[in-house]
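Inspection log for the structure reproduced underneath, given as structure tokens.
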Amino acid sequence: LIIIVTGAAVIYVLQTPIDNGTTTYFALGLAIFLFMVAAMVLVWIFMGFCKMGRTAQWTVTEFFRETFLKLLLLIMSSLYIPIGSTVFTIFNCNSFTCPSGFRLPDDKSLMLLNSSIYSGECVPCQFAPDQTCPSSILLTACAGATEDRLEYNIAVECARMKAFFWPAAFLIIVMYLVGVPLLFFQLIRVSGAMMQEEFPIKEPMLQPDETDTDYQNRRWLTKVRASNNSARFLFQPFEFKFRYARLFQLIQKLIVVGTSVYVFRGSLVSPRIIAVGASLGVHTIATFLFAVSSPFIIMLHDIIAGGMSLVLAVTTLVAILVLSGVNVPSGVLITVIVLCILTPTVAFIVGVGAWIYTSRLEKEEKDAEAEYRVSTLAQVESGIQQGEGTKLRRNRFLASRVKVDLDRENTALTDAQHDFDVRINNRVQGQLRVFLMVGGVLGILAFGSCFLGLWNESEFAVVNTATAPKTVESQFGGYESWDNFTSSCCCTFVVNGYDTTKVTGFGTEYVSVEKWICENGGVIERPRSVYLSNGTSIDVFTATRVRDVCSATFQSSCTLNDDVNPDNLAVTCTGFTQTDTEKNLW
């Protein structure tokens with residue numbers, strides 16, 4: 001109930017100011033989310049009022065106790081690279097320059113970048129003639145500039161990112177990019193030591209000519225296969241002394257992805273060559289380490305991992321040659337493509353085959369143990385004088401007794417292993433609890449910093465008058481009337497260049513747009529013509545019969561009601577009827 005009341009308060013307090021900025025309907029979405037959480041909590045509480053509900057709660061609890069920890073660790077591992085690569089882009093700022101007559105794009109602008117001029121970094125900026133707006137804007141807004149912008153969204157100034165989003169990204173780095181490897185290290189250290197020293201197994205038989213190292217590796221493999229604890233996947237395929245190899249793979253992927261998404265400019269070397277070169281270095285080092293250390297328990301896995309790293313290294317080397325302008329023979333390129341497709345396919349098939357082969361060996365080992373026990377008991381009783389029929393019946397009896405004994409022993413061993421897995425899961429749960437508590441605090445701080453950043457962004461983002469509320473505050477960029485707005489803002493006009501004769505599917509595109517650059521720092525964009533397509537036909541609407549392009553005055557037959565109803569602006573015209581689309585294009 002408290003959450004429901006809180007959600008309602010969010011709607012009332014935050015809806016209007018946030019909707020006037022860039023985060024339209026954020027408050028409503030947050031309120032709906034909180035309402036859904038409250039509804040789920042109430043359902044869970046009501047389930048406890050009856051026996052059937054409590055049984056369902058117990059079933060769900062046991063399910064999560066068995067599988068939730070594994071799922072959570074797997075999700076944390078899977079999200080590590082996407083989160084890391086996204087965080088890196090927040091810090092990727094570079095210098096961009098536009099010449100006179102062009103302007104770096106504004107955040108949330110409707111104007112398309114000029115893809116054929118200045119690498120698509122600039123938009124044309126020519127002010128309409130005969131304006132009475134401030135000369136300071138006319139002289140500076142389109143005079144060209146050099147600014148630090150975010151590489152992956154050059155409409156965002158880096159100075160705006162540093163205040164709120166950089167601290168939030170730093171908290172995410174501490175919480176996730178540093179916290180997850182530390183958590184995995186602790187889980188491997190604790191769980192691995194417990195399994196190596198105490199995990200109950202049926203000791204495997206020593207094979208002929210088997211070294212002590214091979215025996216210990218096979219013994220460790222038997223333990224990790226028999227265990228079902230939630231942290232097992234972190235160290236399962238590796239030898240005990242290389243049980244931390246998963247962390248190396250995690251950091252290896254993060255470096256490769258991080259260098260590929262982070263663009264380095266301002267050097268003599270192409271940013272793409274820098275990124276691919278970093279990948280070449282990482283894959284080469286990984287290939288060397290796999291060849292020298294052989295961290296996997298099964299040698300076949302070492303060969304597969306080393307082979308895949310080698311293929312990646314060769315692929316990145318060929319990519320560097322292509323990017324450098326070297327004429328690489330087509331046969332080499334085709335070979336690399338085939339290797340990139342064939343290697344993971346072969347690795348998957350070989351992995352499945354190795355799993356089947358290993359399972360068959362385990363079954364044969366169990367059958368051999370049963371036969372050994374039967375033959376031992378038969379030898380003990382071989383001194384007794386018996387007929388052939390009696391011996392046959394006796395052997396069948398011994399075999400059945402051995403099977404019963406083995407089943408009993410296996411059941412007891414399975415129970416002991418399950419109890420041990422519960423102990424490990426409890427330790428894992430304790431470590432996760434600490435991680436989530438610390439991460440929760442850092443996450444809330446990061447969320448708060450991002451929220452303040454989004455709130456602050458509303459002062460910089462372009463206002464699209466076609467979708468913004470029809471109020472003086474939104475339509476006029478903080479000015480009290482249309483006259484004050486047009487005398488304090490200068491207008492530049494851009495045609496986006498859509499082919500208005502070609503049906504491109506369903507959608508709405510703004511063909512021409514006015515950009516009003518204001519003295520108070522605000523930027524207002526007023527769509528003047530729009531392209532509508534329903535998949536089979538197109539319609540183009542233009543509102544020049546209401547007001548000319550970049551004109552400060554309306555046509556003589558049209559009047560704006562800004563002094564009558566400032567909370568519901570509208571243009572009324574005599575002599576013709578405006579379409580619903582035209583009403584948003586004045």
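The values are calculated or read from the model by the stated rules, or taken from the named source; none is laboratory data. Remember, it's a predicted structure, so these values are computed and weren't measured experimentally. For neighbour counting, all protein chains shown are included, and Cβ atoms are generated from backbone atoms with ideal geometry for every residue, glycine included. For accessibility, only protein heavy atoms count, side chains too; no ligands or nucleic acids. Shrake-Rupley method; radii C 1.70, N 1.55, O 1.52, S 1.80 Å.
Here are the numbers:
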| item | result |
| --- | --- |
| Residue within the range 456-470 that is at pLDDT below 80, open to solvent by less than 20 Å² (accessible area, probe 1.4 Å) and not in a loop (DSSP other than H, G, I, E, B) present | yes |
| Set Ile320, Ile273, Ile349: member being more than 24 Å from Leu247 (Cβ to Cβ) and open to solvent by 80 Å² or more (accessible area, probe 1.4 Å) | Ile349 |
| Residue match in the range 45-55 (condition: out of contact with any Pro (no Cβ under 9 Å at 6 or more places or on another chain), at pLDDT 85 or above, surrounded by 13 or more Cβ atoms within 10 Å (Cβ to Cβ) and not hydroxyl-bearing (Ser, Thr, Tyr)) | yes |
| Odd one out for Thr211, checked against (1) surrounded by fewer than 13 Cβ atoms within 10 Å (Cβ to Cβ); (2) touching a Cys at 6+ places or on another chain (Cβ under 8 Å) | (2) |
| Breaking point among (1) open to solvent by 10 Å² or more (accessible area, probe 1.4 Å); (2) modelled with pLDDT under 85; (3) more than 36 Å from the chain's Cα centre (by Cα), for Phe554 | (2) |
| Qualifying residue in the range 144-159 (condition: in contact with an Asp or Glu (Cβ under 6 Å, 6 or more places away or on another chain) and small (Gly, Ala, Ser)) | yes |
| Any hit, the range 379-387, residues being surrounded by 12 or more Cβ atoms within 10 Å (Cβ to Cβ), at pLDDT below 85, of a type outside the set (S, T, N, Q) and part of a helix (DSSP H, G or I) | no |
| Within the range 122-131, considering residues that are more than 13 Å from Ile517 (Cα to Cα) and more than 41 Å from the chain's Cα centre (by Cα), the one least open to solvent (accessible area, probe 1.4 Å) | Pro129 |
| Search result, residues across the range 91-101 that are open to solvent by 40 Å² or more (accessible area, probe 1.4 Å) and either part of a helix (DSSP H, G or I) or out of contact with any helix residue (DSSP H, G or I) (no Cβ under 9 Å at 6 or more places or on another chain) (or both) | Ser95, Ser100 |
| Some residue of the range 214-227 being modelled with pLDDT of 85 or more and outside any helix (DSSP H, G or I) | yes |
| Test: residue in the range 324-336 that is at pLDDT 75 or above, under 30 Å from Leu268 (Cβ atoms), surrounded by 10 or more Cβ atoms within 10 Å (Cβ to Cβ) and among the hydroxyl-bearing types (Ser, Thr, Tyr) | yes |
| Residue list for the range 317-331, filter: hydrophobic (A, V, I, L, M, F, W, C) and assigned to a loop (DSSP other than H, G, I, E, B) | Val326, Val328 |
| Total residues in the range 139-188, condition more than 28 Å from the chain's Cα centre (by Cα) and open to solvent by 20 Å² or more (accessible area, probe 1.4 Å) | 7 |
| Cβ pairs under 7 Å, 6+ apart, first in the range 133-148 and touching a residue at least 24 places away in the same chain (Cβ under 8 Å) and within 13 Å of Asn520 (Cα to Cα), second open to solvent by 20 Å² or more (accessible area, probe 1.4 Å) and among the basic types (Lys, Arg) | Ala141/Arg103 |
| Residue satisfying all of: in the range 221-260; touching a Gly at 6+ places or on another chain (Cβ under 9 Å) and touching a residue at least 60 places away in the same chain (Cβ under 8 Å); surrounded by the most Cβ atoms within 10 Å (Cβ to Cβ) among these | Ala231 |
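One line per residue, one yes/no per condition, for (1) modelled with pLDDT under 90; (2) at positive phi; (3) out of contact with any Lys or Arg (no Cβ under 6 Å at 6 or more places or on another chain):
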| site | (1), (2), (3) |
| --- | --- |
| Tyr152 | yes, no, yes |
| Arg160 | yes, no, yes |
| Ala163 | yes, no, yes |
| Pro167 | no, no, yes |
| Gly179 | no, no, yes |
| Arg189 | no, no, yes |
| Phe199 | yes, no, no |
| Glu203 | yes, no, yes |
| Gln207 | yes, no, yes |
